[in-house]
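Data first, discussion second: the structure below is written as structure tokens.
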Amino acid sequence: MLNHIKPAFKSFEIDCGKIRGFVYKGNLKSEIKSKNLNKTKSLQIFENMLMIRELEEMIVKLRSGVYEPINDYSYRGPTHVSIGQEASAVGVSTGLNIFDKITSTHRGHGDSMAKGTSAIFSMNTSELSARLSKNINQTNELLLEEVLEDHVFKTIAELFGKESGYCKGRGGSMHIADFSVGHLGANAIVGGGVPIATGAATGLRYLKNKEIVCCFAGDGAYANGVVLESLNWANQFQFTNHFAGENAFGLPIIFIIQNNHYGMTGRADNEVMGVTRLARRGVGFSENNMHAEVVNGMDVLAVYDAIKRSSEKCRNGEGPVLLELDTYRYYGHSLSDPRNEYRKREEENDWKKIDPIDNFKMQLLQSNIITNKEIIKIETKVKVRNAKAAIKAANSKDPDVSDVLKYIYSDKTIVDIPKEFTEEHSKNNNFIKRDDDNIITYKDAIKEALYEEMLRDKRVIFFGEDVADYGGAFKATKGLLETFGRERVFNTPISEACICGTAVGASMVGIRPVVELMYMDFTLMSSDQISNQAAKWHYMSGAQIEIPIVIRASVGGGKGYGGQHSQSLESIFAHIPGLYILYPSTANDAKGMLKMAIRNNNPVLFCESQLLYGKKDYVPSEEYLTELGQAKIVSEGNDLTIVTWGPALYDSLDAAKKLEENGKSVEVIDIRSIIPLDIDTIIKSVKKTGRCIVTTHAVTIGSFASEISAQINEIAFDYLDHPVIRLGSLNGIAPQSHVLEEEFLLNSDKILEKINTTFN
């Protein structure tokens, strides 16, 4: 229980403290002298920055048709280059371990290049060989070069949309990812990757493996709601106070603001925001200001120094950290952006005078680490390597067009659980009310499924608004906190987008989150994270990663909650490929389907009707699973097929019973699963009966009933004696008034009337 809070209204002032900026005063000479860097590492930093610059200059030249190695290649796709920002990408990646994680922005191919290159430079011979997936018998130097060539090739191949790209051409530059070195993906949605990074950090905190996450986002993203939600999430007291138990430490995440001063064309620091330093964002979210600091993002050593200090904090449990990297991009938002309309050439020239590569090159020379001749040799090597990779990528195989839908869904279901994630002893489940005949409520069936799966696999964690002590808005999870503790069952801020985004990120690092949204209406608050992130990352990554998350939400009206708490929105998400959408109608199915959903490796939207929580059914006490994507014939008949789901099942059964009293034989099919849809069972029934009505508690217009009707018409038209009928709730907004809501919702009388007037 929470501590008792006494009212106290004494006068006080809040001291927000200070935020440091540009504290780094070192240079390459001092880093070498202090042995923070050596010659080899320094040259790797230089080469890494050159590789990014060469890659992005290639993109610019390709657009103009002047990249000589392949000047006739038609490059299509995004052109969001980060030329000028190389120090931020390389400085960050140099300060990380191989398996530390990053997320990035729509111009994230530079960050991806930096993370991969830094990881490769730190690999031993066996790791390098494994990278190429073949036995190599050559010197380490030659092996390293081959792996670097492969890295550049796979990066360019992805930009070109080729099968040999990191994401098999499914991601492109804005969604490039390499999970093998901890790159969890670039993100085309501004700010979209921030909750994913926060979720990954939440997962790593739970796993306690000392890995950290660095989240790249631009200055414009820090006006985005989900980004601010993520900052709040990362700084929750429950992660560091007595609630956290043995895991009383902060999230291991460094938020990186790549402040290049322009969100797109809008100027962040004197136009579209009210602060000049975005590091101030840290003030509002934690007592220590998130250890916020402003860093010279044009100096790779300053960035490296800040990351080393910040990563140490995070590994010691003192995270999160917020770093604002003051940097600049020489080009506009994209190459089609006429930047001369909103910024001056003088401004660009001033920034170019402190170019990160030129600056570091000068320090290499002044430190006697390298000569001008050797610099030219490295620059030439980088150019030749890039050209070689570009030619190879341009001539490489395109994805097979027959595979256009491949990787949308994972076909894997979790079977084996690593030993460290299995429970040794059973726990108390006396909070589930089961009678001697194994009759339990729909609500308890949900609870029992969660209990059994959390007991089976410690990777299953559960979080959402008010789900811990209170047990959720409908008490569907009461008792789980006491059973599994606050590390696995915890409350979240009222941040639906962040809840779903963190679930995505946590799943990327090996966690299997189940989250609760109080009402399906609130999925609209989190629709980006559900539709653009959860649904798409398996495909966009070329199946590098799976997203095993379950999003539970109460659905529909009938409780008098009004227009913002009563919607059935399953059809909206049915339009988003990559999601499973389940809607069990009985307690038996609710348990069996939820257990299977948790074991499934696809993102699942699990719909739970508010009207059904108290409905009772026989539910076996022994282990069972219900196969997903299989409809159930609830009652058999020959004259009419009723296709339905959710509470409409019971309305349909009532109507069918009355029809049968008048001599009509009705077949009622509960589809149970919206996506995947078992259309075969429906078609088989319609071919038998020749007549069909599809019923739903959703409003009729745009409902999934329309999709089912369309498929029946396309597949079984010749078997129909009458057009398929759709029937749902009225095409309006759910009212609060009891009498109005009764009129609004579908019921058995309306079904019966529609059938009698249509088919008689």
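The values are calculated or read from the model by the stated rules, or taken from the named source; none is laboratory data. Computed from a predicted model, the values in this text were never measured in an experiment. We place every Cβ from the backbone using ideal geometry, glycine too, and count neighbours over all the protein chains shown.
Quick notes
- Residue satisfying condition, being of a type in the set (A, V, I, L, M) and closer than 22 Å to Arg329 by Cα, within set Ala221, Ala244: Ala221
- In the range 340-374, of all residues being free of Cβ contacts under 8 Å to residues at least 40 places away in the same chain and surrounded by 14 or more Cβ atoms within 10 Å (Cβ to Cβ), the one that is farthest from Gly218 (Cα to Cα) corresponds to Leu365.
- Filtering the range 678-695 to residues that are free of Cβ contacts under 8 Å to residues at least 60 places away in the same chain and among the basic types (Lys, Arg) leaves Lys684, Lys687, Lys688.
- Set side by side, the residues Leu625, Leu653 differ, and just one is outside the structural domain of Val686 (by TED's automatic domain parsing) and of a type in the set (A, V, I, L, M, F, W, C), which is Leu625.
- Candidate set: the range 64-86, residues that are of a type in the set (Ser, Thr, Tyr) and touching a residue at least 60 places away in the same chain (Cβ under 8 Å); chosen: the one nearest to Lys392 (Cα to Cα): Tyr73
- Asn349 under 38 Å from the mean Cα position of the chain (by Cα) and either assigned to a helix (DSSP H, G or I) or over 12 Å from Tyr262 (Cα atoms) (or both): no
- Restricted to the range 176-221, and to residues there that are in contact with a strand residue (DSSP E or B) (Cβ under 6 Å, 6 or more places away or on another chain) and assigned to a helix (DSSP H, G or I), the residue that is nearest to Glu318 (Cα to Cα) is Ala201.
- Listed by position, the strands (runs of 3 or more DSSP E) enclosed by the range 609-709 include none that has at least 2 residues that are touching a Phe, Trp or Tyr at 6+ places or on another chain (Cβ under 8 Å) and of a type in the set (Ser, Thr, Tyr).
- Hits in the range 266-285 - residues which are closer than 26 Å to Gly91 by Cα and not hydrophobic (A, V, I, L, M, F, W, C): Arg267, Asp269, Thr276, Arg277, Arg280, Arg281, Gly282
- Only one of the numbered conditions (1) over 26 Å from the mean Cα position of the chain (by Cα); (2) crowded, with 19+ Cβ neighbours inside 10 Å is not met by Lys447, and that is (1).
- Positions within the range 71-96 being closer than 16 Å to Thr155 by Cα and surrounded by fewer than 23 Cβ atoms within 10 Å (Cβ to Cβ), in sequence order: Tyr75, Arg76, Gly77, Pro78, Thr79
- Enumerated helices (runs of 4 or more DSSP H) restricted to the range 463-573, each holding at least 1 residues that are at pLDDT below 95: 480-484
- Candidates Leu625, Leu611, Leu653, Leu649 - the one that is surrounded by fewer than 23 Cβ atoms within 10 Å (Cβ to Cβ) and within 18 Å of Ile725 (Cβ to Cβ): Leu653
- Single residue of Ser410, Ser334, Ser402 found to be part of a helix (DSSP H, G or I) and among the hydroxyl-bearing types (Ser, Thr, Tyr): Ser402
- The range 494-506 residues that are free of Cβ contacts under 8 Å to residues at least 60 places away in the same chain, paired with ones that are surrounded by fewer than 24 Cβ atoms within 10 Å (Cβ to Cβ) and part of a helix (DSSP H, G or I) (beta carbon under 8 Å, 6 or more apart): Glu496/Phe522
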